[in-house]
Amino acid sequence: MIGNPLLLIAATKPEWSFLKKHYAVRQQTKFPPLYQLSEQLYLLQIGIGKEAALKNLDLLKQSINLQDHKILHIGYSGALIPSLKTGDLIIPEENSLTLNNITATSGSFTSSSVILKNKAEKEILHQQTKAIAVDMEYETVKTWAQDNKMPYTALRVIFDELEEDISFLAENPMMHENGDISAGKAALAFAKKPNNIMSIPKLQKMAHRASHSLEKALMQLFFS
């Protein structure tokens, strides 16, 4: 069980929305998107990419004092090695918090300024960094936590495997910068390339598997 008080950080709403099944989630502030789950448990949705993450993290400092909170960074990552599969949990090999009773692969994480579309791009990044997984905000959040002397670790889950081609998601963003799903952007993406609607069931299955795995781990972490 991880100690409180705790600040969860996620980039997008689909990465944490399952928590609404377990908590009466209340939005504390709109800018930044800060939610209270319990007396000592908060969640900050930082948005997609380094710029959005830094903006919301700095707004957080200005709006509420959470200096005594530990940080647990949750969400989806892309695999950079073939042994990691959709739904596998991963934790960074270096962190300042211990996650007990969690079965996860430990290794080095890295961040990218863009979504890696295919196996070739992922393999190049792995060769350059030796990291096992990638997302777009990890290094930004980790550095911010260190600068603000807040204990930090990440609990990530694999969304796309090394072999998985997610060019459609990379080339057709369907979310607002703040991490909320945009119905308008999704409609435009499918209008431009109607055949890509065939990929939706598979992507939904991947998201469901990843979210279920992360949900199970967090519930074990919070209540065991």
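The values are calculated or read from the model by the stated rules, or taken from the named source; none is laboratory data. In this text, all values refer to a predicted model and were calculated from it rather than measured experimentally. Please note: Cβ atoms are built from the backbone with ideal geometry, for glycine as well, and neighbour counts cover all protein chains shown. To get the accessible areas, we keep the full protein, side chains included, count just its heavy atoms, and leave off ligands, DNA and RNA. Shrake-Rupley method; radii C 1.70, N 1.55, O 1.52, S 1.80 Å.
Miscellaneous remarks
- The set of residues from the range 21-48 being in a loop (DSSP other than H, G, I, E, B) and open to solvent by less than 10 Å² (accessible area, probe 1.4 Å) comprises PRO32, ILE46, GLY47.
- Cβ pairs under 9 Å, 6+ apart, first in the range 100-112 and farther than 10 Å from ALA131 by Cα, second of a type in the set (S, T, N, Q): ASN100/SER224; ASN101/GLN220; ASN101/SER224; ILE102/GLN220; THR105/SER83
- Candidates LEU214, LEU162, LEU155, filtered to the one that is at pLDDT 95 or above, touching a Pro at 6+ places or on another chain (Cβ under 7 Å) and either under 30 Å from HIS69 (Cα atoms) or open to solvent by less than 30 Å² (accessible area, probe 1.4 Å) (or both): LEU162
- Some residue of the range 188-202 being in contact (Cβ under 8 Å) with a residue 12 or more places away in the chain, over 14 Å from the mean Cα position of the chain (by Cα) and closer than 28 Å to LEU8 by Cα: no
- Checking each residue in the range 115-142 for being β-branched (Val, Ile, Thr), buried (at least 20 other Cβ atoms within 10 Å of the Cβ) and closer than 10 Å to GLY78 by Cα picks out ILE132, VAL134.
- Sub-9 Å Cβ pairs linking a first residue in the range 173-185 that is closer than 15 Å to ILE9 by Cα and small (Gly, Ala, Ser) to a second residue that is open to solvent by less than 50 Å² (accessible area, probe 1.4 Å) and assigned to a loop (DSSP other than H, G, I, E, B), at least 6 apart or interchain, are GLY179/ALA11; GLY179/THR12; GLY179/PRO33; GLY179/ILE46; GLY179/GLY47, ordered by first then second residue.
- Residues of the range 198-211 satisfying the condition of being surrounded by 12 or more Cβ atoms within 10 Å (Cβ to Cβ) and hydrophobic (A, V, I, L, M, F, W, C): ILE200, LEU203, MET206, ALA207, ALA210
- Only residues that are among the small types (Gly, Ala, Ser) and either out of contact with any strand residue (DSSP E or B) (no Cβ under 7 Å at 6 or more places or on another chain) or in a strand (DSSP E or B) (or both) were counted in the range 76-97, giving 4.
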